[in-house]
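Below: the structure, in structure tokens.
The values are calculated or read from the model by the stated rules, or taken from the named source; none is laboratory data. Computed from a predicted structure; not experimentally measured. FYI the Cβ positions are ideal-geometry reconstructions off the backbone, even for glycines, and counts take in every protein chain you see. Heads up: the accessible areas ignore ligands, DNA and RNA and are worked out on the full protein's heavy atoms, side chains in. Shrake-Rupley method; radii C 1.70, N 1.55, O 1.52, S 1.80 Å.
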Amino acid sequence: MALRPRLSDIPKIRGAVKWYRVSAYVTGTLLLLLVLEMVLKYTPIQREIELGGSQGVIALVPDGTVRAVNLSTGILIAHGWLYVVYLFADFRLWSFMRWPFLRFIQIALGGVVPFLSFIVEHFITRRVRLELAELEQAVPAPAAPSEVTNH
């Protein structure tokens, strides 16, 4: 028999799924920016994104000529660290839901394949909501207190 979430964890699961959703969108957005940065840098365009340089607030400059803040490197570092946050949010939700380990891996892959975090987030959120609804329906309603009469 498959494990089910504990009733006492329902409030924690609701918080975990919110945190997971936010981290999925942030990680997915940064991954798309990282793909854009890689296309700019490693194709014949050979440009990097410079922030606050002499050419304006944001400028595309030839590879290796960044004199101000290298936004290309910033995107790379931010995605790396926020992917770790995404993995932690994934682990937290996965452990509360008591899912098989393969589901943890499937969710984790959402942060490394462009656009996949948005798709995985949709299906995982829907699955969590369905499982929580089933769990809450299976709980019997509390019995009404019996009236005690003293004569």
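Structural remarks
- When residues in the range 60-85 are screened for being farther than 27 Å from residue 20 by Cβ and of a type outside the set (Asp, Glu), 13 of them pass.
- Selection within the range 43-71 - among the β-branched types (Val, Ile, Thr), open to solvent by less than 50 Å² (accessible area, probe 1.4 Å) and under 15 Å from residue 33 (Cβ atoms): 49
- Residue in the range 87-103 that is under 30 Å from residue 53 (Cα atoms), loosely packed, with under 13 Cβ neighbours inside 10 Å and of a type in the set (Phe, Trp, Tyr) present: no
- Considering the range 86-132, the residues that are polar (S, T, N, Q) and within 14 Å of residue 22 (Cβ to Cβ) include one that is farthest from the chain's Cα centre (by Cα), namely 125.
- Conditions (1) modelled with pLDDT under 95; (2) in a helix (DSSP H, G or I); (3) not basic (Lys, Arg): number failed by residue 17: (1)
- First in the range 91-111 and on the phi > 0 side of the Ramachandran plot, second anywhere and basic (Lys, Arg) and open to solvent by 60 Å² or more (accessible area, probe 1.4 Å), Cβ under 8 Å, 6 or more apart: 98/4; 98/6
- Only listed residue being within 30 Å of residue 3 (Cα to Cα), open to solvent by less than 90 Å² (accessible area, probe 1.4 Å) and assigned to a loop (DSSP other than H, G, I, E, B), chosen from 113, 120, 84: 113
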